[in-house]
Amino acid sequence: MHDVIIIGAGAAGLSAALWCDELGLDTLVLEQGREVGGQLLRVYNPIENYLGVRARDGREMRDLFAEQVKDAEFDLWTEAEIESVDLKAKRIALRSGEELQAISIIIATGVRRRTLGIPGEMELMGRGVMESGKRDRDMFAGKDVCVVGGGDAAAENALLLAEVCPTVTLVHRGQKLRARTEFIERLRGEHCITVFKESVVRRIIGEQEVEGVEIMRGGAIKPFQMAVRGVLVRIGVEPNTELFREQIHLDERGYIVVTGEQETSASNVFAIGDVSNPLAPTISSATGAGATAAKVIAARLNER
Ligand SMILES: Cc1cc2nc3c(=O)[nH]c(=O)nc-3n(C[C@H](O)[C@H](O)[C@H](O)COP(=O)(O)OP(=O)(O)OC[C@H]3O[C@@H](n4cnc5c(N)ncnc54)[C@H](O)[C@@H]3O)c2cc1C
């Protein structure tokens, strides 16, 4: 029996673990990945808005976090695959067969990028389907590319790629781009960027590498094919809450609803970080929420 089991070792989970350890709680962290850090491992831009620390990219920030928690006494299991969770009983079954039990559970499972779910998207990942405009830009210099999405991330990446690519086609299914005004104005000023609104990419074409995309434009009867060598999909994120559905209150987009104490609708089950914060998903809010949950749990255990 652990005092606390934390699911997820991104910024939120690590912060909660550090606080739980400092407050003397017996803590186990379960992380499905091979290493800790979550989304930080995929941030290729400098991080300059986390007070007190500047990092070249997310990995450097993750390394600083990992260095700070390395002497703490909580247990950390990576590559931990959860089979099922009973939030009421606070029991977790792992695929490896272990059964775990805690007094409190903290869910810190974060979010994942949404995918289009179209042919070619997964098959050609890393072979023309990009992971990041910032990271992969130089590989696509001199090549025509397509960016899918209409928000800030899609617009920002289209602008980055336009610095080195002869043409960038931004394909957005809505009538209006959702990106901030500053990005939209810059998109208008970039002659090599074409925006297809009310359009969807239906297929990414290519055998060994991306050769093109099949696009269906609003109002058209037939799709058409366009030759591109790179595709970047930026259509938002979705919370990792499948394990907890039916057991706690989620909002209409699947994010966990929490109180000011970070508690979910199940007693002594807390949710922290992006998984419960669709409005302001940042490192600072994730680490702050970790501290709140740990303090509330420690206070309740002391009362007992
Ligand atoms: C490109 C990009 C740039 C960004 N730039 C900034 C910035 O400049 N400043 C800023 O403040 N924020 C920035 N962010 C946001 C910031 O990275 C996140 O808000 C923060 O990292 C969220 O941390 P988290 O711990 O809540 O979630 P995550 O980082 O998503 O971590 C969740 C962890 O839970 C694990 N997990 C999921 N499901 C399970 C399961 N079933 N079992 C076990 N483990 C599980 C995952 O493997 C992951 O390690 C950026 C994000 C991106 C993508």
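The values are calculated or read from the model by the stated rules, or taken from the named source; none is laboratory data. On a predicted model such as this, the values are computed, not experimentally measured, just so you know. For neighbour counting, all protein chains shown are included, and Cβ atoms are generated from backbone atoms with ideal geometry for every residue, glycine included. Side chains are part of the model used for accessible areas, which takes the heavy atoms of the whole protein and leaves out ligands, DNA and RNA. Shrake-Rupley method; radii C 1.70, N 1.55, O 1.52, S 1.80 Å.
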Note to self: Quick one: the Cα spread of the chain along its three principal axes, in angstroms, biggest first?
What the structure shows: 65, 40, 36
Margin query: If you fit an axis through the alpha-carbon atoms of helix 152-162 and take the longest principal axis of the Cα set of the chain, what angle between them do you get, 0 to 90°, nearest 10?
Written below: 50
Checklist line | Surface per residue (accessible, 1.4 Å probe) for the chain, Å² | finding: 52
Item checked: Residue among Leu40, Val147, Ala220 farthest towards the positive dipole end of the chain, charges placed on Cβ -> Ala220
Notebook entry, point to check: So what's the angle, to the nearest 10 degrees on a 0 to 90 scale, between helix 11-22 and the longest Cα principal axis of the chain?
Noted result: 20
Next item on the list: Sort 283-289, 83-89, 234-240 for me by packing, meaning the mean count of neighbouring Cβ atoms within 10 Å per residue, highest on top.
Entry: 283-289, 234-240, 83-89
Margin query: Out of the total accessible area of the chain (probe 1.4 Å, heavy atoms of protein only), what percent is carbon and sulfur?
Written below: 46
Check: Treating the beta-carbon of each Lys and Arg as +1 and of each Asp and Glu as -1, no other charges, what is the dipole magnitude of the chain about its Cα centre, to the nearest 20 debye?
Finding: 1340
Next item on the list: Determine the dipole magnitude for segment 42-83: charges of +1 sit on the beta-carbon of Lys and Arg, -1 on that of Asp and Glu, nothing else is charged, the reference point is the Cα centre, and the result goes in debye to the nearest 20.
Entry: 420
Next item on the list: Only helical DSSP H runs with n ≥ 4 go in: add -39500 (n - 2.57) per run for the chain, normalise by residue count and round the 222 nm mean residue ellipticity to 500 deg cm²/dmol.
Entry: -7000 deg cm²/dmol
Checklist line | At 1.306 mPa s and 10 °C, Stokes diffusion of segment 156-300 via Kirkwood alpha-carbon radius, µm² per second | finding: 85
Check: Where does helix 58-69 land angle-wise versus the long Cα axis of the chain, in degrees 0 to 90, nearest 10?
Finding: 10
Checklist line | Debye, to nearest 20: dipole size of segment 127-173, +1 on Lys, Arg Cβ, -1 on Asp, Glu Cβ | finding: 140
Checklist line | Anchor Lys197: lysines whose Cα lies under 17 Å away (excluding residues fewer than 8 positions away in-chain) | finding: Lys176, Lys222
Next item on the list: Would you mind checking the pairs Lys90/Lys295; Lys70/Lys295; Lys134/Lys295 and listing those with alpha carbons more than 26 angstrom apart?
Entry: Lys134/Lys295
